[in-house]
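K.L.:
Can you read through this structure? Questions will come right after.
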Amino acid sequence: MTLLELSQDILRERSTVVLETERLTLRAPKLEDAKTIAKLANDRRIAENTARIPHPYGLADAKQFIAQATGRDEFAFVITLSDAVIGACGLSTMGAQPPEVGYWLGARYWGKGYATEALRALIDFAFEHLGYELLQGSARVTNPASRRVLEKCGFQWTSAGLCRVQALASSVPVDRFQLDRRLWTSLKSWGRTRRTG
């Protein structure tokens, strides 16, 4: 089976893909997650630091996210901790070459390393199972925490630019980052060597 065939199989079976980390489980969002997603995402601080989350964010928005999470241009996961939804992450290929990573967590889960842990699992999945060679991400210049998440995962700054933020109905300055498969493999190998050496 070729990598392309494997990727197409994964796309067909995306609702069954589950990624597990030391503390978290990433899985496809389900309709029963809608109330929790709406409650967590209805936070202006989250909406203003993501491109596509509106504010206010209601149950209808959460249901729309769940419906689109299995779309052709999206690969979205909810991030769960002990079976409780705490945020979401995913890959978008909508007009983006290479695919772009995105993530958010409910405010009470900030500062605990969950975003970095979830993003690392997403990167592994993108490189090892979907066959991507390069990923991109961005962070508002006023969001140093998101920038640190990208940097801890090996993303390298490439440029500054503007990004349209739905909640603000405006464009904001962002820093853009990229991560290639070779660097990721090297960083993972180095991390294993440090732990065992």
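K.L.:
What do you reckon, is GLY113 in contact with a Ser or Thr (Cβ under 7 Å, 6 or more places away or on another chain) and either among the small types (Gly, Ala, Ser) or open to solvent by less than 30 Å² (accessible area, probe 1.4 Å) (or both)?
P.N.:
Values: in contact with a Ser or Thr (Cβ under 7 Å, 6 or more places away or on another chain): no; either among the small types (Gly, Ala, Ser) or open to solvent by less than 30 Å² (accessible area, probe 1.4 Å) (or both): yes.
For GLY113, the condition - in contact with a Ser or Thr (Cβ under 7 Å, 6 or more places away or on another chain) and either among the small types (Gly, Ala, Ser) or open to solvent by less than 30 Å² (accessible area, probe 1.4 Å) (or both) - is not met.
K.L.:
Residue by residue through the stretch 25-42, note down the ones that are surrounded by fewer than 17 Cβ atoms within 10 Å (Cβ to Cβ) and either part of a loop (DSSP other than H, G, I, E, B) or among the small types (Gly, Ala, Ser) (or both).
P.N.:
From the stretch 25-42, those surrounded by fewer than 17 Cβ atoms within 10 Å (Cβ to Cβ) are 30-32, 35, 39; that's our starting set.
Matches in the stretch 25-42: LYS30 only.
K.L.:
Now a separate question. Which residue, of LEU134, LEU122, LEU130, is more than 26 Å from LEU40 (Cα to Cα), touching a residue at least 60 places away in the same chain (Cβ under 8 Å) and surrounded by 15 or more Cβ atoms within 10 Å (Cβ to Cβ)? Write out each step before concluding.
P.N.:
Values: LEU134 fails: touching a residue at least 60 places away in the same chain (Cβ under 8 Å); LEU122 fails: more than 26 Å from LEU40 (Cα to Cα).
So the residue among LEU134, LEU122, LEU130 that is more than 26 Å from LEU40 (Cα to Cα), touching a residue at least 60 places away in the same chain (Cβ under 8 Å) and surrounded by 15 or more Cβ atoms within 10 Å (Cβ to Cβ) is LEU130.
Yes or no, residue by residue, for (1) at pLDDT 95 or above; (2) under 15 Å from LEU31 (Cα atoms); (3) surrounded by fewer than 16 Cβ atoms within 10 Å (Cβ to Cβ):
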| position | (1), (2), (3) |
| --- | --- |
| ALA47 | yes, no, no |
| LEU59 | yes, yes, yes |
| ALA62 | yes, yes, no |
| GLU74 | no, no, no |
| PHE77 | yes, yes, no |
| CYS89 | yes, no, no |
| GLY106 | yes, no, no |
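Residues checked against (1) surrounded by 12 or more Cβ atoms within 10 Å (Cβ to Cβ); (2) of a type in the set (S, T, N, Q); (3) more than 22 Å from GLU74 (Cβ to Cβ); (4) modelled with pLDDT under 95:
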residue	(1), (2), (3), (4)
ALA139	yes, no, no, no
ARG148	yes, no, yes, no
LYS152	yes, no, yes, no
VAL174	yes, no, no, no
LEU179	yes, no, no, no
LEU187	yes, no, yes, yes
ARG192	no, no, yes, yes
THR196	no, yes, yes, yes
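K.L.:
Can you pull out the residues in the stretch 47-61 that are in contact (Cβ under 8 Å) with a residue 12 or more places away in the chain and either in a helix (DSSP H, G or I) or more than 19 Å from the chain's Cα centre (by Cα) (or both)? Can you show your working first?
P.N.:
Within the stretch 47-61, the subset in contact (Cβ under 8 Å) with a residue 12 or more places away in the chain is 47-59, 61.
ALA47, HIS55, PRO56, GLY58, LEU59, ASP61 - these are the residues of the stretch 47-61 that are in contact (Cβ under 8 Å) with a residue 12 or more places away in the chain and either in a helix (DSSP H, G or I) or more than 19 Å from the chain's Cα centre (by Cα) (or both).
K.L.:
What are the residues in the stretch 88-120 that are β-branched (Val, Ile, Thr) and in contact with an Asp or Glu (Cβ under 6 Å, 6 or more places away or on another chain), if any?
P.N.:
Looking only at the stretch 88-120, we keep the residues that are β-branched (Val, Ile, Thr), and these are 93, 101, 116.
Hit for the stretch 88-120 is THR93, nothing else.
The values are calculated or read from the model by the stated rules, or taken from the named source; none is laboratory data. This one's a predicted model, so the numbers in the text were calculated from it and none came from an experiment. Every residue, glycine among them, receives a Cβ derived from its backbone with ideal geometry; neighbour counts consider all protein chains shown. Side chains are part of the model used for accessible areas, which takes the heavy atoms of the whole protein and leaves out ligands, DNA and RNA. Shrake-Rupley method; radii C 1.70, N 1.55, O 1.52, S 1.80 Å.
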